[in-house]
Amino acid sequence: MPGRFFLTRPVAEIALFLNVEDDLGPQPARRNIQPGQEVTVLTGDGLTTMRWGMIPVGRVNARGRPVMETIINARSETVFDKSAFEGVGRAVIPVDGWYEWTGEKRRKKAWRIAAKDGTPLLFAAITDTWEAPGGQRVDQVAAVTCEPNADVKPIHHRMGVLLDAKDVKRWLQGTEEKAQSLMRPWPEGQLRIEEANDVDWTAA
């Protein structure tokens, strides 16, 4: 939807793929990026890191009630017209892939999803800044999701909105209408899905 990301290639390769400067420098390989942790993010200002998960302080739902749960994924169908997302920015989360799970609680099976051609996957995302106690400001990000394609549908009812590299600028800087045109399932047959039996889920 995604539930967790992984990014093991050097950020320098991500920067080259996106045709931007490597403003982050060397970063450790990460096979298990969880909500609440820092993720690499591309904004209109370049590569940076943000907390994955938006703490919705001050945000309200359509009924005017406070949003209480941390937002790690936002539905594409409502991201531009829901009051809970008013005033958010746009970003891209570049990763090698993500994980999903199927099955019952004690018999869950993990699946690793990546591009068949080995290129990075670029998740459309929204951002905002949480003003934490003590005046600290925390930049935070949430992935945007849509209906799954035929590849992902057997394992999850949602998937992240994935972008072509050529569409990154349109997502980051285009009008709301142009951004909405990008929020669709990824073309079928371009993802590699395999069991993830080799991941230590307690490690980063």
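What follows is calculated from the coordinates using simple rules that are stated; it is not laboratory data. Not measured: the values here are computed from a predicted model. Positions of Cβ are generated from backbone atoms using ideal geometry, with glycine treated the same way; all protein chains shown enter the neighbour counts.
Listing for the model above:
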read-out	value
Pairs, first without any contact (Cβ under 8 Å) to a residue 60 or more places away in the chain in segment 127-143, second surrounded by 16 or more Cβ atoms within 10 Å (Cβ to Cβ) and in a strand (DSSP E or B), C-beta under 6 Å, six or more apart	THR129/ASP139
Selection count where residues are farther than 20 Å from GLY53 by Cβ and hydrophobic (A, V, I, L, M, F, W, C), scope segment 81-112	2
Tally of residues being touching a Pro at 6+ places or on another chain (Cβ under 7 Å) and either of a type in the set (Phe, Trp, Tyr) or in a loop (DSSP other than H, G, I, E, B) (or both) across segment 108-126	1
Verdict on ASP151 being part of a loop (DSSP other than H, G, I, E, B) and of a type outside the set (Lys, Arg)	yes
Single residue of VAL168, VAL161 found to be among the β-branched types (Val, Ile, Thr), within 15 Å of the chain's Cα centre (by Cα) and farther than 18 Å from ILE113 by Cβ	VAL168
